[in-house]
Structures are given as structure tokens and as C-alpha cells.
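Peer 1: Let me begin by handing over the structure; questions about it come next.
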Amino acid sequence: MEYTEKTAAECADMQEPAPENDIKYMRAAIAQARKAEKLMEVPIGCVIVHDGKIIGRGYNRRNTDKTALGHAELTAIKKASRAAGDWRLEDCTIYITLEPCQMCAGAIVQARIPRVVIGSMNPKAGCGGSILNILEMPQFNHCCEVKRGILADECSGMLTDFFRKLRASKAHK
């Protein structure tokens, strides 16, 4: 693949599929987040879609696997790369219930994923527009089209409920 630098305007001009697909696949990411919640992990989920098919799924497993690398996005990228037979996921869309951290945003750029759909923003650690915007930096050799706020209330509500229950359980110990 030949390297071509894209301007910020070119990144912003990328086409996007119909919103009903975004809702459908964000619901699949939410289902992944619910798996994390059942493990008492922070409920963050992710799916990667290629040609209308989910080829990678992941959910937060940092505490379960005892690794800082146990993020939903990294798991989904690894699975999608295996399914695609390539580390480049150039024709895919990634759906994430929570704005990615710096590590995951970097992995998304490295995997050349052209489109990122985010549920809830993360003003304390997000690198898809909140603290930094690694995903849309034209200085990198790849930038993503980013759609924010898909099922935001459901995604953020899931996190709020999780942390409320966690604080309550700690208070009763």
C-alpha cells in the first residue's frame, strides 16, 4: 500500500453509512459492554464491522486478565485482524461504547480503520475529541472519520449505573 497523506478536510469528507446501521452496531457494542459488567469490569464494549458483518468483538477485561492491555478495542482489533487476515482494517467501521483512550485511539489509527463511531464521550481520558483527538489528526499517515453520540444516553447511563452500584457496594463493606 502506498503512503498518501490526507488533509483534515479530506478526512471530514468521507462517506458514512445510514444512521440505522450505526444504531444496530452500537447496540451490538453495548451487548459486549454488558459482558464486561457481568464480570464486574467497567462496561465498555466494541465491535468492528466489515461489509455488514461483525468480524471483531471485545469488552473490557483489565481486572479479569490483570493487564492494562485488556481494553475492548484492542481485543476487537486483534480478532478482526485475524478474521481479515491482515493488520490493516481499511474497509471497516469500529463501534465503541466509550470514547477511546490514547492507547486505543493509537491502535485504531495504526490499524487504519477509516470510520469510528463512539457512544459516550470521556471528558477525563478520551482521545477521540475530549482531551486529545488522536483519531482525526492530519499529521498522522491515517486519520479517521468520527461519529460521536450514537446511543449516548444508553452508553453513558450504563457507566453511571455501574459506578453508582460499585460505590454503594464499597460503602457497605
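The values are calculated or read from the model by the stated rules, or taken from the named source; none is laboratory data. The shown structure was predicted, so the numbers you read here are calculated from the model rather than taken from an experiment. Note that each Cβ is placed from the backbone with ideal geometry, even for glycine, and that neighbours are counted across all protein chains shown.
Peer 1: Just for helices (runs of 4 or more DSSP H) wholly inside the range 52-123: which have at least 3 residues that are under 14 Å from the mean Cα position of the chain (by Cα) and surrounded by 24 or more Cβ atoms within 10 Å (Cβ to Cβ)?
Peer 2: The helices (runs of 4 or more DSSP H) meeting that bar are 72-84, 102-110.
Peer 1: Still on this structure, please answer the following. Looking at this structure, is R34 more than 25 Å from R167 (Cα to Cα), at pLDDT 95 or above and either of a type in the set (K, R) or outside any helix (DSSP H, G or I) (or both)?
Peer 2: no
Peer 1: From the residues in the range 124-173 that are exposed (fewer than 13 other Cβ atoms within 10 Å of the Cβ) and polar (S, T, N, Q), which one is nearest to D22 (Cα to Cα)?
Peer 2: T160
Peer 1: A further question on this structure: Quick one: count up the residues across the range 27-48 that are more than 10 Å from the chain's Cα centre (by Cα) and surrounded by 24 or more Cβ atoms within 10 Å (Cβ to Cβ).
Peer 2: First, the residues of the range 27-48 that are more than 10 Å from the chain's Cα centre (by Cα): 27-28, 30-43.
The next check asks that each one be surrounded by 24 or more Cβ atoms within 10 Å (Cβ to Cβ); those that pass are 32-33, 36, 43.
Residues in the range 27-48 being more than 10 Å from the chain's Cα centre (by Cα) and surrounded by 24 or more Cβ atoms within 10 Å (Cβ to Cβ): 4 in total.
Peer 1: On to the next question. Search the range 125-142 for residues that are among the aromatic types (F, W, Y) and pair each with any residue that is not in a loop (DSSP other than H, G, I, E, B) when their beta-carbon atoms are under 8 Å apart and the residues are at least 6 apart or on different chains.
Peer 2: F140/V109; F140/I134
Peer 1: Can I ask one more? Give just the number: which of (1) modelled with pLDDT of 95 or more; (2) under 21 Å from N133 (Cα atoms) does T7 not satisfy?
Peer 2: (1)
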